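The values are calculated or read from the model by the stated rules, or taken from the named source; none is laboratory data. These figures come from a predicted structure and were not determined experimentally. Heads up, the Cβs are rebuilt from the backbone with ideal geometry, glycines too, and the neighbour counts pull from every protein chain shown. Remember, those area values only see protein heavy atoms, side chains included, never the ligands or the DNA or RNA. Shrake-Rupley method; radii C 1.70, N 1.55, O 1.52, S 1.80 Å.
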Amino acid sequence: MTIGRTHPLGRAEYARIPLYAPPGSAAAVDLSDNTNRWGSPPAATRALGGAATARYPDAYTRDLKQAVAEYLDVAPDMVVTGCGSDDVLDCAIRAFGEPGGRLAYHDPTFVMVPSFARANGMVPVPVPLTRALDLDAGGMLATAPRIAYVCSPNNPTGTPLSRATVETLCAAQDMLVLVDEAYAEFADASLVDLATSRSNVLVVRTMSKAFGLAGLRVGYGVGAPALVREVEKARGPFKVTAPSAAAAVAALREDVSWMRAHAALAVGARQELSGELARRGVSVLPSSANFVLAPLARAVAVAARMRELGVAVRAFAALPRVTAELEATQGQALRITVGPPDEMTAALAALDRAVSECA
Ligand SMILES: *Cc1c(COP(=O)(O)O)cnc(C)c1O
């Protein structure tokens, strides 16, 4: 991400917002963005073929809210949808963040969060994860935020936060807590119940990862009806296209077993990849997602060489040094999405070659 030239009429704070740019060109084996490497599910793909496009879609996607509600066993008026969960997060921040207020988030986490905060006039405040890679709830609360953002399992570490620390955070009534569960389907536990038992919690999820529909841009949030209504004011109508909504509904109604089977494949692939990396002396953080984070010296150079060899992975140049491993690599790490066996074989071959050449 680079901060480009700014327009003289642009808002001052936007000079500090980097324009997100996906790193590098296309790669034959792309393990850089945690999407579903096994593809998209069958009912969703069929639904795309027959979707009507001449009319506006339902303004707030009634059918999709209903399908999400059935999937998570919540009431439909507790669901807000959006153009990806990015959109839901952005709208929630816009709806609840007073300009000048603080948005606290644990560091490291999803790179878009500080940008969304600034774009909506808020001040992003990073609070390091603990050495156990858990939430420092006290540290977050001490910043007196208007909004707190947490992510479990967390991107890019892959590690889950403990329920107890998230509950401590949510117990503060005077702030909105955004719980990003983009990778919940790969994990054993979910925090969706916090959204039903509390009035200040929005749990945000996506169809982009386990459900294999990243190209359609569908995400959703679950929270108290009054909370969800505020987010919808910020969101506005017609944000999810009719074909995307139809495919997402089909996926939630008919493809859950496809999703579960492929999430299980991802978990198996994750364990295998972690073992292969360990055999090479590379330890990974204990992941509950469909990717692993491997602290690695010269990760940036290794990733650049891997890309030349046709395998894209995500390199981090300067993660906060919250564990001994990240300390040892000076914050450098590779994030590798898991996928089918042939892609894992290609990734390990490229890694071996890149590491030996970058030594
Ligand atoms: C991928 C990802 C998202 C974005 O999901 P979309 O629904 O595709 O916008 C949100 N949060 C985290 C932590 C992610 O890794």
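Observations on the structure shown:
Rundown of residues vs (1) touching a Cys at 6+ places or on another chain (Cβ under 9 Å); (2) in a helix (DSSP H, G or I); (3) within 11 Å of the ligand (Cβ to nearest atom); (4) within 16 Å of Glu181 (Cα to Cα), yes/no style:
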site: Thr81; (1), (2), (3), (4): no, no, yes, yes
site: Ser85; (1), (2), (3), (4): no, yes, yes, yes
site: Leu89; (1), (2), (3), (4): no, yes, yes, yes
site: Ile93; (1), (2), (3), (4): no, yes, no, no
site: Gly100; (1), (2), (3), (4): no, no, no, no
site: Thr109; (1), (2), (3), (4): yes, no, yes, yes
site: Ser115; (1), (2), (3), (4): no, yes, no, no
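- Of all residues making up the stretch 31-46, the number that are open to solvent by 30 Å² or more (accessible area, probe 1.4 Å) and either out of contact with any Gly (no Cβ under 9 Å at 6 or more places or on another chain) or in a helix (DSSP H, G or I) (or both): 4
- Among the conditions (1) part of a helix (DSSP H, G or I); (2) in contact (Cβ under 8 Å) with a residue 40 or more places away in the chain, Arg335 misses just one, which is (1).
- Restricting Leu227, Leu202, Leu216, Leu176 to residues that are among the aliphatic types (A, V, I, L, M), in contact with a helix residue (DSSP H, G or I) (Cβ under 9 Å, 6 or more places away or on another chain) and within 10 Å of the ligand (Cβ to nearest atom) narrows the list to Leu216.
- Residues that are more than 19 Å from the chain's Cα centre (by Cα) and open to solvent by less than 40 Å² (accessible area, probe 1.4 Å), drawn from the stretch 208-230: Ala224, Leu227, Val228
- Of the criteria (1) open to solvent by 40 Å² or more (accessible area, probe 1.4 Å); (2) away from the ligand (no atom under 16 Å from the Cβ); (3) at pLDDT 95 or above, which one Arg55 fails: (3)
- Set Gly97, Gly101, Gly82: member being open to solvent by less than 20 Å² (accessible area, probe 1.4 Å), under 19 Å from Val218 (Cβ atoms) and in contact with a strand residue (DSSP E or B) (Cβ under 9 Å, 6 or more places away or on another chain): Gly82
- Ala119, sole failed condition from (1) closer than 27 Å to Ser287 by Cα; (2) in contact (Cβ under 8 Å) with a residue 60 or more places away in the chain: (1)
- Helices (runs of 4 or more DSSP H) (entirely within the stretch 157-273) containing at least 1 residues that are in contact with a Pro (Cβ under 7 Å, 6 or more places away or on another chain) and under 24 Å from Asp63 (Cβ atoms): 242-254
- Test: residue in the stretch 167-174 that is open to solvent by 40 Å² or more (accessible area, probe 1.4 Å) and under 24 Å from Ala318 (Cα atoms): no
- Here Val322 clears all of (1) open to solvent by 20 Å² or more (accessible area, probe 1.4 Å); (2) at pLDDT below 95 except the condition numbered (1).
- For the stretch 185-207, filtered to residues that are over 25 Å from Gly97 (Cα atoms) and open to solvent by 10 Å² or more (accessible area, probe 1.4 Å), the residue that is modelled with the lowest pLDDT is Asp188.
- When Pro145 is tested against (1) away from the ligand (no atom under 16 Å from the Cβ); (2) in a helix (DSSP H, G or I), only condition (2) is not met.
- Some residue of the stretch 261-274 being in contact (Cβ under 8 Å) with a residue 60 or more places away in the chain and within 21 Å of Leu48 (Cβ to Cβ): yes
- When Val302, Val313 are checked against the criterion of being open to solvent by less than 50 Å² (accessible area, probe 1.4 Å) and under 20 Å from Thr159 (Cβ atoms), Val313 stands alone in meeting it.
- Lone unmet requirement of (1) assigned to a loop (DSSP other than H, G, I, E, B); (2) surrounded by 14 or more Cβ atoms within 10 Å (Cβ to Cβ); (3) not β-branched (Val, Ile, Thr) for Leu64: (1)
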